[in-house]
Amino acid sequence: MNDPSPTAQTPAPMTTAPTTWAGPEHRRSVLWIVTLAAIAIVFDGYDLVVYGTVLPTLLDDPTQLGQLSAGTAGALGSYALIGVMIGAFIAGTFGDRVGRRRMMLMNIVWFSIGMGATALATDIVTFGLLRCLTGIGIGGLVATVGALVAEFAPTSKRNLFNAIVYSGVPLGGVVAAVLALLLADHIGWRGLFWIGALPLVTLLPLALLKMPESPRWLVSRGRIDEARAISTRTGIPVDLTAAPTVAAPPMGTETPTERVGFAVLVSRRYAMPTLLLGLMSFAGLLLTYGLNTWLPQIMRSAGFNAKGSLSFLLVLNGGAIVGGLIAARLADRRGPQRIVATSFCLATFALICLTLGLPLPVLLAAVAVAGTGTIGTQVLIYGYVSNYYPTSARAAGVAWCAGFGRLGGIVGPVIGGLLIGAGISSNAAFYIFAGIALAGAAATMLVPRNETVDDTESATPQARAEVEPPTTLVD
């Protein structure tokens, strides 16, 4: 760490966010933050997919929780998403006021305890209630990490780092699928849920030590001295001369003339983009949760055995990781809007290909592309949104997309359950999902460009280059 003495290097005042690393300490600090955030999000993905991996067992064995129909199973898959939606809106309401670090720590504790408690459930009602409560912590986490990355990472790497962090969702899905393949016969479904409680004793201590508060958020709240101290200690540049978005309020009161959080999202400038971004996330999460919940069961119905059907889930999430990172790199270079729209179109194409009776190797490739266009697209959407709004509304913006989008996540498993319960073919389900992906692409292209947020931080690289001076360090 840098020596906080007067002779240590400290970030110079800036008029814009840095486009590259301000120094080695800046790089180390951001890599710690990105790593911790990504590990936390892995458990979001784990929670998402672990239910899909144990669902065949719960459907086949009524001694576990009780007799489950396909419709009830789909509803259970949605209960966690109701909690996620609630947690996201709570984080959006308070995250821009209480800070990024505090929200991160609280939600790590919350969802870890929830996962452990779910492992102890003995009936359907308790299981569904605990899934909902666990989702509150996961939703708060998802809504917070995007704001964290956007406020710590250099502008030229924000989409990439957002993709790395939110790729924790499909990576968690891969982990859940692999552990289910290797351990389900030995530890059962309850053991798989106990694994989801591990962040309480592994990730939380590291986050307490290595996760600083965002200096940019502190400046926006008028807490200049705290921002300066963190900037000096971590090497993270911050414009200490910028006027705070909200002046330091006396006695804990808010300045009534300044808009913060959701109030910014519904302002005249942002109301329409907020609606469109929410619809994009709705489509992305409907596809993500619908496929992750029902793909193993659909493939079992198509003639694959239990382990073979779980392998499709592994390929789906693996394709999302690889494809999502490639797409994020392109988004940093060309802007996220076109890349997100293209990714949705890829999902449409791949999902239609799944109905054509392709040979197994081609089928697996199509599933991987579908993972890129569904789960990978949602990863890109989070990065797009976190850089679209100003600091005063960033957590609220991500929370809106995570929360409203979870309505799509709730609908996805229910649609799958209803279709399977009605005896409709898997091809019909894939056609419905393909149409939703195409609608997501259309919504993406309608979002107006926004190149003036936080001194061009959301602009394309070419636009930023025209206005941003190089970042320097002074003694």
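The values are calculated or read from the model by the stated rules, or taken from the named source; none is laboratory data. This is a predicted model, so every value here is computed, not measured. Methodologically, a virtual Cβ is constructed for each residue, glycine included, from the backbone with ideal geometry; neighbour enumeration extends over all protein chains shown.
Observations on the structure shown:
- Single match in Leu325, Leu330 (criterion: free of Cβ contacts under 8 Å to residues at least 12 places away in the same chain, within 22 Å of Thr155 (Cβ to Cβ) and either touching a Cys at 6+ places or on another chain (Cβ under 7 Å) or surrounded by fewer than 21 Cβ atoms within 10 Å (Cβ to Cβ) (or both)): Leu330
- Of residues in the range 380-397 being more than 17 Å from Arg269 (Cα to Cα) and among the aliphatic types (A, V, I, L, M), the one surrounded by the fewest Cβ atoms within 10 Å (Cβ to Cβ): Ile381
- Near pairs, Cβ below 7 angstrom, 6+ apart or cross-chain, from the range 373-388 (among the aliphatic types (A, V, I, L, M)) to any residue that is part of a loop (DSSP other than H, G, I, E, B) and buried (at least 24 other Cβ atoms within 10 Å of the Cβ): Val379/Ser167
- Out of Ala184, Ala147, one residue alone is part of a helix (DSSP H, G or I) and surrounded by 24 or more Cβ atoms within 10 Å (Cβ to Cβ). It is Ala147.
- Test: Ala88 is modelled with pLDDT under 90, out of contact with any Gly (no Cβ under 9 Å at 6 or more places or on another chain) and buried (at least 24 other Cβ atoms within 10 Å of the Cβ): no
- Only a single criterion out of (1) at pLDDT 80 or above; (2) within 17 Å of the chain's Cα centre (by Cα); (3) not aliphatic (A, V, I, L, M) is not satisfied by Gly146, namely (1).
- Test set (1) more than 17 Å from Val169 (Cα to Cα); (2) in contact with a helix residue (DSSP H, G or I) (Cβ under 6 Å, 6 or more places away or on another chain); (3) β-branched (Val, Ile, Thr) - Val362 fails condition number: (2)
- Residue check, Ala365 more than 18 Å from Ala429 (Cα to Cα), among the hydrophobic types (A, V, I, L, M, F, W, C) and at pLDDT 90 or above: no
- Among the criteria (1) within 15 Å of Pro215 (Cα to Cα); (2) modelled with pLDDT of 80 or more, the one Arg28 does not fulfil is (1).
- Inspection of the range 60-72 finds no residue satisfying the criterion of being under 29 Å from Gly376 (Cβ atoms), assigned to a helix (DSSP H, G or I) and modelled with pLDDT of 80 or more.
- Of the residues Thr355, Thr342, the single one that is at pLDDT 80 or above and hydroxyl-bearing (Ser, Thr, Tyr) is Thr342.
Residues are listed down the side, and each one gets a yes or a no for (1) over 15 Å from the mean Cα position of the chain (by Cα); (2) not small (Gly, Ala, Ser):
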residue: Pro56; (1), (2): yes, yes
residue: Gly66; (1), (2): yes, no
residue: Ala70; (1), (2): yes, no
residue: Tyr79; (1), (2): yes, yes
residue: Gly92; (1), (2): no, no
residue: Arg97; (1), (2): yes, yes
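- Criterion: modelled with pLDDT under 90, under 16 Å from Tyr79 (Cβ atoms) and either not hydrophobic (A, V, I, L, M, F, W, C) or not in a helix (DSSP H, G or I) (or both) - qualifying residue of Gly95, Gly139: Gly139
- Condition met for Val367 (over 20 Å from Arg449 (Cβ atoms) and either over 16 Å from the mean Cα position of the chain (by Cα) or crowded, with 18+ Cβ neighbours inside 10 Å (or both)): yes
- Residue check, Val42 of a type outside the set (Asp, Glu), crowded, with 18+ Cβ neighbours inside 10 Å and over 20 Å from the mean Cα position of the chain (by Cα): no
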